[in-house]
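Data first, discussion second: the structure below is written as structure tokens.
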Amino acid sequence: QVQLVESGGGLVQAGGSLRLSCAASGRTFSSARMGWFRQAPGKEREFVTAISWRGSNTYYADSVKGRFTISRDNTKNTVYLQMNSLKLEDTAVYYCVVFKSGTVGVISGIDYWGQGTQVTVSS
């Protein structure tokens, strides 16, 4: 049984920072791209960021470039999302994902989803 468990969400003021973690279990994901999607109220889920299995390649949505940083520790089967300079529009449920082989950035290419963690940015 594959499980992705996110943590680290919460309430933060605009301009602040949060660090999300995603612990994977049930199999080893060291060969898979992993990443984050988010869904704001009333909006569709959107791609945020992804990282290759070695961590050498990273991908970011334009809206978070320069503010968010993804990283992974394959020894712990964990992916991290450091979010800085948070904006009101970053408020969303953040989902950790594992991509199917050869895909990245699209919902159709996702193999596994986490349950999500709420991030709320206040003014």
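Amide H neighbours of Arg72 under 5 Å, counting only residues 5+ apart in sequence or on other chains, H built in-plane at 1.01 Å?
It is Tyr80, by chain and number.
Considering amide H positions built from the backbone, and no H for Pro or chain starts, which residues 5 or more places from Leu86, or on another chain, come under 5 Å of its amide H?
Amide H neighbours of Leu86: Gly15, Gly16.
Just in region 31-98: which trypsin sites (Lys or Arg not before Pro) are loop by DSSP and have at most 15 other Cβ atoms within 10 Å? Before the final figure, lay out the partial values.
Numbers: sites: Arg33, Arg38, Lys43, Arg45, Arg54, Lys65, Arg67, Arg72, Lys76, Lys87; in loops: Arg33, Lys43, Arg45, Arg54, Lys65, Arg67, Lys76, Lys87.
Those that pass, being in a loop and sparsely packed, are Lys43, Arg54, Lys65, Arg67, Lys76, Lys87.
Place a label point 7 angstrom from the Cα of Glu89 along the Cα-to-Cβ direction, then list the residues of region 1-42 whose backbone nitrogen is under 16 Å away.
14-15, 38-42
Evaluate Rg over Rh across region 1-71, taking Cα atoms for both radii and Kirkwood's formula for Rh. Intermediate values should be presented prior to the final figure.
On the way: Rg = 13.3 Å, Rh = 13.7 Å.
In region 1-71, Rg relative to Rh is 0.97.
Between Asn84, Asn74, Asn57, find the one with the highest GNM mean-square fluctuation for the chain; connect C-alpha pairs within less than 10 Å.
Among Asn84, Asn74, Asn57, the largest mean-square fluctuation in the Gaussian network model of the chain belongs to Asn57.
In whole Hz, what ³J(HN,Hα) sequence does region 33-44 give by Karplus (6.51, -1.76, 1.60; θ = phi - 60°), x for Gly and Pro?
Each residue's phi maps through the Karplus curve to give 6, 10, x, 9, 10, 9, 9, 8, x, x, 10, 7 Hz.
Output needed: percent of Cα pairs per 5 Å distance bin for the chain, bins running from 0 to the one holding the longest distance.
Taking every Cα pair in the chain, the percentages come to 2, 12, 24, 27, 20, 10, 5, 1, 0.
For the chain, modelled as a Gaussian network with Cα springs under 10 Å, which listed residue fluctuates most, Thr49, Thr75, Thr103?
Greatest mean-square fluctuation among the candidates belongs to Thr75.
Explain nothing, just the number: dipole magnitude of the chain about its Cα centre with +1 on each Lys and Arg Cβ and -1 on each Asp and Glu Cβ, in debye rounded to the nearest 20.
Magnitude of the dipole: close to 260 debye.
Over the chain, with a Gaussian network built from C-alpha contacts below 10 Å, which listed residue (Asp111, Asp62, Asp90) shows the highest mean-square fluctuation?
Asp62
Tell me the accessible surface of Leu88 in square angstrom (1.4 angstrom probe, heavy atoms of protein chains only), to the nearest ten.
Taking all protein chains as shown, Leu88 has close to 90 Å².
Roll a 1.4 angstrom probe over the protein heavy atoms and tell me the percent of accessible area of the chain that is carbon or sulfur. Don't skip to the end; give the middle numbers.
Working: 2870 of 6240 Å².
Carbon-and-sulfur percentage of accessible area, whole number: 46.
The values are calculated or read from the model by the stated rules, or taken from the named source; none is laboratory data. Since this is a predicted model, take the numbers as computed values, not measurements. Cβ coordinates were reconstructed from backbone atoms using ideal geometry, including for glycine residues, and neighbour counts include every protein chain displayed. For accessibility, only protein heavy atoms count, side chains too; no ligands or nucleic acids. Shrake-Rupley method; radii C 1.70, N 1.55, O 1.52, S 1.80 Å.
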